[in-house]
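First the structure, in the form of structure tokens, and then the observations on it.
The values are calculated or read from the model by the stated rules, or taken from the named source; none is laboratory data. All values derive from a computational prediction rather than experimental measurement. Reconstructed Cβ throughout: ideal geometry from the backbone, glycine too, with neighbour counts over all protein chains shown.
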């Protein structure tokens, strides 16, 4: 089969590789769509301790079941399925508690397990039994269902920090993740949603989901947020970008006893972020992180898409064939578009 293979850091190669073989308890899926996540771009540029090259990346996927292994009863040939990222080991204390996204083993599709930037992806028995694999609702397309994985991550983050009716929410980083966070925050009851972006990239879509957009290359973030919050700061701030500066700014613009969520991870070679912990201490800030999602979030994301509650189509900016996947990754690295999909 044709696959996009990361042979070493900064070296992606489109090549023929052996088609995966079904074993008992596994299913083989013909990939229909797989989105390029910001973490995929970071892995290509900086590597990841969980990814051993050569590797096939891709964890925001959908496809059609074409073969099932012995013992499979939940899926059959012809089923349309959406595939997420984080795969619980199923046996540790965290997985038993339903928070397998912070499982110490930390399995994931496109990391330890081959991903979906390929014509076919094999879902091994662990993925089938414990992972984020769900039937796609009839009214949801393959393209939309590939977006269930990033939406699931947004649900996890917003669940951790909470949104109360009428609160002001600031999202730093207005890419597809940031915009989905804004859209869901609104559905959860946010009274005012403020987007923060460095430049006017993706401006038209950002304005669809935010009440106010602050461009930090043109205006002072701290001054503008206080101006729009009666001098108090935001109730909730989420950082949806890979920026140490965003994390520092989040603590400055949140109100006393407000909540901050560090959603966006930083590249592995970046030095530690210099945070003044006295800000957290004196403002009594409630600070959380967010890493991935659990299978129930993935299922909920598909339901929200199916019900039209979250309109993910607007975040799909372009679609590339697998044969032109290298161009798709180059475009994704420019950060001028929303989600880019690759389709075999």
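The set of residues from segment 81-96 being touching a residue at least 40 places away in the same chain (Cβ under 8 Å) and surrounded by 20 or more Cβ atoms within 10 Å (Cβ to Cβ) comprises 81, 82, 83, 84, 85, 86, 87, 88. Taking the criterion of being modelled with pLDDT under 95 and crowded, with 22+ Cβ neighbours inside 10 Å, the only residue of segment 235-263 that qualifies is 241. Screening residue 232 against (1) part of a loop (DSSP other than H, G, I, E, B); (2) at pLDDT 95 or above; (3) surrounded by 19 or more Cβ atoms within 10 Å (Cβ to Cβ) leaves a single unmet condition, (3).
Quickly run through segment 319-331 and pick out the residues that are more than 26 Å from residue 198 (Cβ to Cβ) and either out of contact with any strand residue (DSSP E or B) (no Cβ under 9 Å at 6 or more places or on another chain) or buried (at least 21 other Cβ atoms within 10 Å of the Cβ) (or both). Give the derivation first.
Going through segment 319-331, the residues more than 26 Å from residue 198 (Cβ to Cβ) turn out to be 319, 321-326.
If the condition is that a residue be more than 26 Å from residue 198 (Cβ to Cβ) and either out of contact with any strand residue (DSSP E or B) (no Cβ under 9 Å at 6 or more places or on another chain) or buried (at least 21 other Cβ atoms within 10 Å of the Cβ) (or both), then 325 is the only one that fits.
When segment 116-126 is filtered for residues that are out of contact with any helix residue (DSSP H, G or I) (no Cβ under 7 Å at 6 or more places or on another chain) and crowded, with 23+ Cβ neighbours inside 10 Å, the ones remaining, listed by number, are 116, 118, 121, 123.
Based on what the data block shows, is residue 66 surrounded by fewer than 17 Cβ atoms within 10 Å (Cβ to Cβ) and touching a residue at least 40 places away in the same chain (Cβ under 8 Å)? Outline the logic, then answer.
Working: surrounded by fewer than 17 Cβ atoms within 10 Å (Cβ to Cβ): yes; touching a residue at least 40 places away in the same chain (Cβ under 8 Å): yes.
So residue 66 fits the description; yes.
Whenever a residue of segment 301-327 is in contact (Cβ under 8 Å) with a residue 24 or more places away in the chain, its partners that are surrounded by 13 or more Cβ atoms within 10 Å (Cβ to Cβ) and in a loop (DSSP other than H, G, I, E, B), lying with C-beta atoms within less than 6 angstrom and at least six residues away or across chains, give the pairs 304/310; 305/140; 306/137; 306/140; 312/147; 315/338; 322/344. The set of residues in segment 84-103 that are in contact with a helix residue (DSSP H, G or I) (Cβ under 7 Å, 6 or more places away or on another chain), on the phi < 0 side of the Ramachandran plot and assigned to a loop (DSSP other than H, G, I, E, B) comprises 84, 85, 88, 89, 103. For residue 166, indicate whether it is out of contact with any strand residue (DSSP E or B) (no Cβ under 9 Å at 6 or more places or on another chain), surrounded by fewer than 24 Cβ atoms within 10 Å (Cβ to Cβ) and in contact (Cβ under 8 Å) with a residue 12 or more places away in the chain. No: the conditions fail for residue 166. Being under 17 Å from the mean Cα position of the chain (by Cα) and within 24 Å of residue 4 (Cα to Cα) is true of residue 131. Condition check for residue 26 on (1) out of contact with any helix residue (DSSP H, G or I) (no Cβ under 6 Å at 6 or more places or on another chain); (2) touching a residue at least 60 places away in the same chain (Cβ under 8 Å); (3) surrounded by 19 or more Cβ atoms within 10 Å (Cβ to Cβ): one failure, at (1).
All of 165, 151, 160 fail the test of being under 15 Å from the mean Cα position of the chain (by Cα) and at negative phi, apart from 151. On the stretch given as segment 191-202, residues that are part of a loop (DSSP other than H, G, I, E, B) and either free of Cβ contacts under 8 Å to residues at least 24 places away in the same chain or crowded, with 23+ Cβ neighbours inside 10 Å (or both) total 3.
If I filter segment 53-63 for residues that are surrounded by fewer than 17 Cβ atoms within 10 Å (Cβ to Cβ) and in contact with a strand residue (DSSP E or B) (Cβ under 7 Å, 6 or more places away or on another chain), do I get at least one hit? Spell out how you get there, then give the answer.
We begin by selecting, within segment 53-63, every residue surrounded by fewer than 17 Cβ atoms within 10 Å (Cβ to Cβ); these are 53-54.
Remaining after also requiring in contact with a strand residue (DSSP E or B) (Cβ under 7 Å, 6 or more places away or on another chain): 53-54.
So far as segment 53-63 goes, yes, one or more of its residues are surrounded by fewer than 17 Cβ atoms within 10 Å (Cβ to Cβ) and in contact with a strand residue (DSSP E or B) (Cβ under 7 Å, 6 or more places away or on another chain).
A count restricted to segment 330-344 and to residues that are in a helix (DSSP H, G or I) and farther than 20 Å from residue 148 by Cα stands at 4.
Here is a yes/no grid of residues against (1) surrounded by 16 or more Cβ atoms within 10 Å (Cβ to Cβ); (2) at pLDDT below 95:
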| residue | (1), (2) |
| --- | --- |
| 280 | no, no |
| 307 | no, no |
| 333 | no, yes |
| 342 | yes, no |
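Each residue in segment 141-153 was checked for being surrounded by 23 or more Cβ atoms within 10 Å (Cβ to Cβ) and either within 13 Å of residue 86 (Cβ to Cβ) or in contact with a helix residue (DSSP H, G or I) (Cβ under 8 Å, 6 or more places away or on another chain) (or both), and 9 of them qualify.
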